[in-house]
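This report refers to the structure that appears directly beneath it.
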Amino acid sequence: MSLRILAPPHEEIARVGARSRREVGPLGAGTRWDSEQIDGENRYFQEVRYSLYNADVLVHSRVVRCFHATMEQLQMLDTTLQLVPPQHIDLLNERKPAGIRVADTTGRGASRRYMGGVNPSADYAASPDFDERRGIVITHGAFWENRNRGICVTVLHEIGHVMTHNGELSYQPFPHDRSAQLRGLRVSRNPGVYEGLCNAYMFFLCYGSDNAVMRDYGTNPPDIQKDAVTRRALRQTQAFTMLDSGWQSRFAERERR
Ligand SMILES: [Zn+2]
């Protein structure tokens, strides 16, 4: 692991969300979830005392600043960011210089959630200790949900948005019917047209991994966000044509085994 811890950890009671109260929470099997009604729905969380660190994660000779993360989350961030091509890390650092912050919730008011992440643009206010417009926020719940995978795929999805905002990642090379299908997917709480594209990006980075478990996540079960048609179009987006040949070869089509 390539981490530089910047300061002693601080202890904090964090809220760790889940999509359903049937899931095993961080307090262990059989423990109950607290719930809060937001926007007419019950949202579940458990409160956990965490030691939270601020650290630099070193990836491809670059630094990504990470805030309020547990040691396990920092390890997941390190493994996750290794899947991101260096050119995309550069765009992330250029556009989101505040880095990645782990938080209890994302969003405001009725759109506040204990799961997922956000990559806000100008419509988000800065919170006192982190200017969200200059960074990405990922919930403790997203890390918990992904803990057995070793990577937090939500981070990859949000890095996708860093590139949809400026067009390096776009629907332009997609066959028309495919882009229409992806635009119409309702894959997250966010009704934006780029949700399907950012998921496709997330799966494609896993497809490019040399780890069989992550590659499997990037292809199975088959779906329009992770099939050969979508991969062919993604390779033609500027995000992937800008890569050097070594990185492009990671994303080449492979024989199924
Ligand atoms: Zn999204």
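Quick check on the stretch 223-236: of everything there that is touching a helix residue (DSSP H, G or I) at 6+ places or on another chain (Cβ under 6 Å) and not charged (D, E, K, R), which residue is farthest from the ligand (Cβ to nearest atom)?
Looking at the filtered set, the residue picked out is Val229.
Only one of Ser121, Ser127 is within 15 Å of the ligand (Cβ to nearest atom) and modelled with pLDDT under 95; which?
Only one candidate qualifies: Ser121.
The values are calculated or read from the model by the stated rules, or taken from the named source; none is laboratory data. Since this is a predicted model, take the numbers as computed values, not measurements. Heads up, the Cβs are rebuilt from the backbone with ideal geometry, glycines too, and the neighbour counts pull from every protein chain shown.
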